[in-house]
1. Please go through (1) surrounded by 15 or more Cβ atoms within 10 Å (Cβ to Cβ); (2) touching a residue at least 40 places away in the same chain (Cβ under 8 Å) for G148 and return the number of the only condition it doesn't satisfy.
2. Identify, please: which residue in the stretch 112-143 is assigned to a loop (DSSP other than H, G, I, E, B) and β-branched (V, I, T) and is, among those, nearest to G95 (Cα to Cα)?
3. Can you say whether E55 is at pLDDT 95 or above, among the acidic types (D, E), over 18 Å from V109 (Cα atoms) and in contact with a helix residue (DSSP H, G or I) (Cβ under 8 Å, 6 or more places away or on another chain), as far as the supplied structure shows?
4. With the condition kept exactly as written, say whether any residue in the stretch 78-100 is free of Cβ contacts under 8 Å to residues at least 24 places away in the same chain, β-branched (V, I, T) and either farther than 24 Å from G148 by Cα or touching a strand residue (DSSP E or B) at 6+ places or on another chain (Cβ under 9 Å) (or both).
5. What number goes with the only condition from (1) among the charged types (D, E, K, R); (2) modelled with pLDDT under 95; (3) touching a Phe, Trp or Tyr at 6+ places or on another chain (Cβ under 9 Å) that K6 does not pass?
6. Kindly indicate which of A46, A54, A36, A40 is within 19 Å of A103 (Cβ to Cβ), touching a residue at least 24 places away in the same chain (Cβ under 8 Å) and of a type in the set (G, A, S).
7. Hey, could you check the stretch 108-150 for residues that are modelled with pLDDT of 85 or more and of a type in the set (D, E, K, R) and say which is farthest from the chain's Cα centre (by Cα)?
8. Tell me yes or no: at least one residue of the stretch 41-60 is β-branched (V, I, T) and over 14 Å from the mean Cα position of the chain (by Cα).
Amino acid sequence: MESKRKKVGLRQPAEVDRWGAAFEAQCRSRGLRVTAQRLAVYRAVAADLSHPTAESVYARVRTQLPMLSPATVYRILESLQREALVRRVSTTGGGARFDANLAPHQHLVCRVCGSMMDHFAPSLAATPLPTTPVQGFVIEELDIRLVGRCDRCRGASAPVPAR
């Protein structure tokens with residue numbers, strides 16, 4: 001599905017610089033080292049408004065850090081997610097994409113091409129989480145995806161989900 005995914009665009013360089021500086025400050029305040037590899041991976045996620053996959057992040061950072069392996073990129077993304085410095089977003093196909101925008105928001109996901117973009121619906125973001133376990137399950141976060149068809153794919157047939 002990655003190859004059919006349309007590009008949403010890139011965040012402006014000045015904004016990526018601001019996000020990168022805030023990221024560095026957050027890492028330092030948590031006692032995390034700010035390595036060139038960690039910063040490059042974060043900036044690649046922050047720059048890409050299409051919510052890149054780990055493979056897309058690797059392709060972007062390997063030009064500036066050619067000795068960086070795909071496994072290292074995966075480990076860095078996992079650690080950034082664990083530290084709540086990036087958000088992992090699931091796709092309609094079950095893959096993982098990453099988002100540096102941690103503000104409360106939802107995602108519009110095209111079921112045909114797989115494109116994903118941020119959507120801000122304050123009423124959805126304000127949905128309260130249950131404070132007591134639901135069927136023994138403790139809810140920690142709310143992740144809302146609005147799935148449909150983008151402008152480009154509106155007339156196309158949706159793929160049949162695999163079972």
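The values are calculated or read from the model by the stated rules, or taken from the named source; none is laboratory data. The structure presented is a predicted model; accordingly, all values stated were derived computationally and were not measured. Cβ coordinates were reconstructed from backbone atoms using ideal geometry, including for glycine residues, and neighbour counts include every protein chain displayed.
1. The single condition G148 does not satisfy is (1).
2. Step one: filter the stretch 112-143 for residues assigned to a loop (DSSP other than H, G, I, E, B), giving 112-115, 120-121, 126-133, 135-136, 138-143.
Narrowing the set further to residues that are β-branched (V, I, T) leaves 112, 127, 131-132, 138-139.
On the way: V112: 14, T127: 26, T131: 29, T132: 30, V138: 24, I139: 22 Å.
Among residues in the stretch 112-143 that are assigned to a loop (DSSP other than H, G, I, E, B) and β-branched (V, I, T), the one nearest to G95 (Cα to Cα) is V112.
3. On the way: at pLDDT 95 or above: yes; among the acidic types (D, E): yes; over 18 Å from V109 (Cα atoms): yes; in contact with a helix residue (DSSP H, G or I) (Cβ under 8 Å, 6 or more places away or on another chain): yes.
Spelling it out, E55 is indeed at pLDDT 95 or above, among the acidic types (D, E), over 18 Å from V109 (Cα atoms) and in contact with a helix residue (DSSP H, G or I) (Cβ under 8 Å, 6 or more places away or on another chain).
4. No, the conditions are met nowhere in the stretch 78-100.
5. That leaves (3) as the condition not met.
6. Values: A54 fails: within 19 Å of A103 (Cβ to Cβ); A36 fails: within 19 Å of A103 (Cβ to Cβ); A40 fails: within 19 Å of A103 (Cβ to Cβ).
Going through A46, A54, A36, A40 in turn, the sole match is A46.
7. R149
8. no
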